[in-house]
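**Student:** So that we are looking at the same thing, I have put the structure below in structure tokens.
The values are calculated or read from the model by the stated rules, or taken from the named source; none is laboratory data. Just so you know, these numbers come straight off a predicted model, no measurement behind them. Neighbour counts are summed over all protein chains in view; Cβ atoms, including those assigned to glycine, are modelled from backbone coordinates with ideal geometry.
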Amino acid sequence: MFIFTLRRFNLFFFTMLLLTILSFSLSFLFPGEQLVNLTGQINATPEQLAVLANEYQHQAGFITQYFSYVSHLFHGDMGYSMASHLPVATEILNRLPATIELTSVALLVAMFVGIPIGFFAAIYHRKTPDNIILGVAMIGYSVPVFWLGILAILVFSIQLGWLPSAGQISLLFEIEHVTGLQLIDILLSDSPYKWQAFIDATRHLILPVIVVALAPATIFMRLARTAMLEVLETHYIKAAKAKGLTFWQIIYRHAMRNAFIKVIRDVGLQFANLVTIAMVTEVIFSWPGIGRWLIESIYQRDYTAIQGGLIVLSTFIFIVHIIIDFVYAALNPLAREPRHGA
Amino acid sequence: MARDKIYQEEEFPTPLMQLWHNFKQPPVVVIGFGCFLFLIVLAILSSLITPYSPIENHLNDLLLPPAWSNDGNVSFLLGTDNLGRDMLSRLIHGTSLTFGLSIIVVMASLIIGVIIGSLAALTKGVKSSFLNHFLDVILSIPSLLLAIVIVAILGPGLENTLWAIIMVLIPQFVHITRNAVKEEFTKDYVLASRLDGANSFRILRYSVFPNIIEKLISQATLAQSAAILDIAALGFLGLGAPIPMPEWGAMLANGIDLFYIAPWTVYLPGLAILFSVIATNLVGEGMRHALKVRKEN
């Protein structure tokens with residue numbers, strides 16, 4: 001387990017190194033002055049620029065410059081947004097929780113819906129349910145997400161009027177900003193309308209979550225189906241059959257657990273894909289998250305914001321990746337320790 | 001006992017022929033492949049078969065619904081948009097933009113990726129391990145975010161988004177080529193030709209590539225469905241094709257404001273994207289199925 005942790009830590013370190021190098025080199029690649037891109041001070045006087053140049057060791061070689069950039073990052077200083085003139089770190093802190101909320105709920109929904117359906121398809125392999133599920137899955141991951149979002153708004157918000165179409169919560173509710181995660185903040189607050197606010201926030205969450213979760217859910221469906229089919233072919237399932245267990249006993253006690261582990265291993269890889277979908281969905285549903293902010297930053301040529309957003313969003317994905325790796329290791333002893341006698 | 005072989009000669013179909021033989025078995029795949037070919041024909045012939053120019057305005061026929069509705073006009077089969085442009089012509093021209101360009105994008109990144117990947121497979125040690133980690137990092141950044149960063153460097157516009165998508169797709173081809181080449185290099189037939197005195201490049205060209213090409217094609221179909229969705233998404237976000245261009249994503253973005261009064265301006269481009277992605281995915285699915293069947297035999 002120690003070696004496993006050390007390896008993950010090593011990977012994380014290396015990734016962060018590459019990411020910061022990438023983001024640092026972006027300040028040279030973006031149009032305009034490199035120092036201005038890095039700090040976001042577009043209206044700085046020559047004196048202020050001189051101070052900044054000194055601070056970022058602009059006269060020294062690239063490597064020194066890079067290290068001073070990294071030390072700024074460690075102090076939470078990502079420069080100032082060119083559009084709003086607020087510190088990028090503050091802007092991100094205000095918006096990242098909304099994205100975390102949307103993506104993590106969507107990931108859970110996708111897993112809890114997709115994986116059981118995939119198992120179901122595998123159990124009825126090459127029968128009608130399997131074919132129907134495969135067909136639906138094919139459509140599910142082929143649908144362009146922006147189109148799906150617009151259709152969902154048209155049908156469920158405008159024509160049927162069941163669910164709100166934009167934002168995170170109705171403006172009537174005033175919720176104190178504690179963790180930034182809306183649902184948790186509401187539960188922590190002592191407002192008399194706590195439950196109404198909670199229900200309202202949940203209603204706002206439903207449509208975007210379904211839109212984000214659809215494509216990953218269909219991918220999990222396929223992963224789960226393949227994993228289950230593989231497991232059903234193994235010898236220990238045959239042994240269980242020979243022991244005289246019924247089919248459903250085998251499925252519940254042996255096949256499901258082992259297939260589930262195989263799916264969990266691939267969940268991390270799908271998360272980057274899910275975040276991509278979430279970025280577009282945030283634009284459509286006016287979700288106050290980091291994806292919408294990043295896309296707006298392009299329209300406004302806010303290069304400092306793009307650099308900061310790239311680092312933070314990628315780090316978030318990596319952390320989720322690593323968490324899923326640990327969950328996988330916790331569930332599967334074979335991943336933790338080298339196999340004995342192998 | 002049934003005789004499988006009537007003739008004496010032994011025939012060894014090339015890996016590509018074997019793939020085709022297994023590929024055309026399931027009927028769904030053939031339908032998908034037919035749709036795929038149909039889209040390619042549309043993309044090539046788009047300017048010949050469209051009734052109108054995609055940017056021609058018919059000011060007397062604004063927001064005409066499709067011909068099957070009561071207010072429709074049969075000379076505008078799928079209706080017109082808010083500037084009186086014929087939807088059918090725009091959709092067909094869009095085929096050559098969204099679908100046709102996605103093929104070019106995938107080809108370009110396939111070639112670059114295969115070159116880098118085979119070079120990477122031939123190197124060992126620190127360089128190779130660095131490249132591996134680097135690819136892992138790039139692959140785990142969301143593709144749209146990477147495309148956005150590249151668009152921010154190059155500036156918006158259709159051509160720049162294409163470059164961005166090419167760069168986004170390269171790592172997966174590098175990854176798959178590298179793994180496939182490494183796997184083939186451990187096999188005996190490569191050793192045999194090495195003992196014959198072939199150098200690495202000759203082995204790559206004559207022994208390895210014919211055996212991994214189907215893996216590459218199967219990855220290319222996956223990449224193409226992603227490319228179609230990415231081109232359309234960037235067009236929709238206003239970072240790709242400029243508004244008058246009949247790119248499907250940009251058309252969709254143009255139709256949003258009119259969704260209520262003219263829903264077909266949103267339905268049709270979306271359906272076109274869905275159709276082309278499903279056709280591509282069916283081809284890819286058939287390809288992977290054929291590969292699996294071949295492996296089992």
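**Student:** Has the stretch A:246-268 got any residue that is at pLDDT below 90, more than 15 Å from the chain's Cα centre (by Cα) and not in a helix (DSSP H, G or I)?
**Tutor:** Within the stretch A:246-268, one or more residues are at pLDDT below 90, more than 15 Å from the chain's Cα centre (by Cα) and not in a helix (DSSP H, G or I).
**Student:** Give the stretch A:280-290 a look and list any residue that's assigned to a loop (DSSP other than H, G, I, E, B) and buried (at least 24 other Cβ atoms within 10 Å of the Cβ), or say none.
**Tutor:** Within the stretch A:280-290, A:F285, A:W287, A:G289 qualify.
**Student:** Which condition number does B:L131 fail, the rest of (1) outside any helix (DSSP H, G or I); (2) surrounded by fewer than 22 Cβ atoms within 10 Å (Cβ to Cβ) being met?
**Tutor:** (1)
**Student:** Return only the number of the condition from (1) in contact with a helix residue (DSSP H, G or I) (Cβ under 8 Å, 6 or more places away or on another chain); (2) within 14 Å of another protein chain (Cβ to nearest Cβ) that A:Q59 does not satisfy.
**Tutor:** Unmet for A:Q59, out of (1) in contact with a helix residue (DSSP H, G or I) (Cβ under 8 Å, 6 or more places away or on another chain); (2) within 14 Å of another protein chain (Cβ to nearest Cβ): (2).
**Student:** Okay, next question. Being among the aromatic types (F, W, Y), more than 19 Å from A:R126 (Cα to Cα) and either assigned by TED's automatic domain parsing to the domain that holds A:S286 or in contact (Cβ under 8 Å) with a residue 12 or more places away in the chain (or both) is the filter here, so list the residues in the stretch A:192-251 that pass it.
**Tutor:** A:Y193, A:F198, A:Y236
**Student:** Being crowded, with 16+ Cβ neighbours inside 10 Å and either more than 14 Å from chain B (Cβ to nearest Cβ) or not in a helix (DSSP H, G or I) (or both) is the filter here; which residues of the stretch A:1-52 pass it?
**Tutor:** Hits for the stretch A:1-52 are A:F30, A:L35, A:V36, A:L38, A:T39, A:G40, A:Q41, A:I42, A:A44, A:L49, A:L52.
**Student:** Shifting gears a bit: Here are the criteria: (1) more than 14 Å from chain B (Cβ to nearest Cβ); (2) farther than 16 Å from A:S297 by Cβ. Tell me which single one A:S84 does not satisfy.
**Tutor:** (2)
**Student:** Would you confirm whether or not the stretch B:159-179 contains a residue that is of a type outside the set (K, R), within 11 Å of chain A (Cβ to nearest Cβ) and in contact (Cβ under 8 Å) with a residue 12 or more places away in the chain?
**Tutor:** Yes, the stretch B:159-179 contains a residue that is of a type outside the set (K, R), within 11 Å of chain A (Cβ to nearest Cβ) and in contact (Cβ under 8 Å) with a residue 12 or more places away in the chain.
**Student:** Further question: Among the residues of the stretch A:96-127 satisfying the criterion of being more than 12 Å from chain B (Cβ to nearest Cβ) and more than 26 Å from A:K262 (Cβ to Cβ), which is surrounded by the fewest Cβ atoms within 10 Å (Cβ to Cβ)?
**Tutor:** My answer is A:I100.
**Student:** Looking only at the stretch A:238-251, count every residue that is of a type in the set (A, V, I, L, M) and within 21 Å of A:I117 (Cβ to Cβ) and tell me the total.
**Tutor:** Selection size over the stretch A:238-251: 2.
**Student:** Within the stretch B:213-225, which residues are buried (at least 21 other Cβ atoms within 10 Å of the Cβ), over 14 Å from B:A290 (Cα atoms) and not hydroxyl-bearing (S, T, Y)?
**Tutor:** Across the stretch B:213-225, the qualifying residues are B:A220, B:A223, B:Q224.
Residue-wise test of (1) in contact with a strand residue (DSSP E or B) (Cβ under 9 Å, 6 or more places away or on another chain); (2) surrounded by fewer than 22 Cβ atoms within 10 Å (Cβ to Cβ); (3) basic (K, R).
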{"position": "A:F247", "(1), (2), (3)": "no, yes, no"}
{"position": "A:A255", "(1), (2), (3)": "no, no, no"}
{"position": "A:N258", "(1), (2), (3)": "no, yes, no"}
{"position": "A:A278", "(1), (2), (3)": "no, no, no"}
{"position": "A:R292", "(1), (2), (3)": "no, no, yes"}
{"position": "A:A305", "(1), (2), (3)": "no, no, no"}
{"position": "A:F316", "(1), (2), (3)": "no, yes, no"}
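**Student:** Step by step: first the residues of the stretch B:241-266, then only those that are in a loop (DSSP other than H, G, I, E, B) and within 19 Å of B:L39 (Cβ to Cβ), then the one that is nearest to the other protein chains (Cβ to nearest Cβ). Which residue is that?
**Tutor:** Looking at the filtered set, the residue picked out is B:E247.
**Student:** State the number of residues belonging to the stretch A:274-298 that are under 18 Å from A:I317 (Cβ atoms) and at the interface with another protein chain (Cβ under 7 Å from one of its Cβ atoms).
**Tutor:** Within the stretch A:274-298, residues that are under 18 Å from A:I317 (Cβ atoms) and at the interface with another protein chain (Cβ under 7 Å from one of its Cβ atoms) number 6.
**Student:** A follow-up question, please. Would you point out which residue out of B:L110, B:L131, B:L101 is at pLDDT below 90 and of a type in the set (A, V, I, L, M, F, W, C)?
**Tutor:** It is B:L131.
**Student:** I've got another one for you. Out of B:L88, B:L97, B:L59, B:L64, report the one residue that is surrounded by 14 or more Cβ atoms within 10 Å (Cβ to Cβ) and part of a loop (DSSP other than H, G, I, E, B).
**Tutor:** B:L64
Okay, residues lined up against (1) modelled with pLDDT of 90 or more; (2) closer than 29 Å to B:G270 by Cβ:
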position	(1), (2)
A:Y56	no, no
A:F62	no, no
A:S68	no, no
A:T90	no, no
A:R95	no, yes
A:I115	yes, yes
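**Student:** Still on this structure, please answer the following. Spot the failing condition for A:D302; the list is (1) out of contact with any Ser or Thr (no Cβ under 9 Å at 6 or more places or on another chain); (2) farther than 23 Å from A:A215 by Cα, and only one is missed.
**Tutor:** For A:D302, the exception is condition (1).
**Student:** Scanning the stretch A:128-145 for residues that are surrounded by fewer than 17 Cβ atoms within 10 Å (Cβ to Cβ) and polar (S, T, N, Q), which turns out nearest to the other protein chains (Cβ to nearest Cβ)?
**Tutor:** Checking each candidate, the answer is A:N131.
**Student:** Of the residues B:I150, B:I165, which single one is farther than 30 Å from B:S200 by Cβ and surrounded by fewer than 22 Cβ atoms within 10 Å (Cβ to Cβ)?
**Tutor:** Exactly one of B:I150, B:I165 is farther than 30 Å from B:S200 by Cβ and surrounded by fewer than 22 Cβ atoms within 10 Å (Cβ to Cβ), namely B:I150.
**Student:** With the requirement that a residue be part of a helix (DSSP H, G or I) and either basic (K, R) or within 26 Å of the chain's Cα centre (by Cα) (or both), what does the stretch A:178-196 give you?
**Tutor:** A:Q182, A:L183, A:I184, A:D185, A:I186, A:L187, A:L188, A:K194, listed by residue number.
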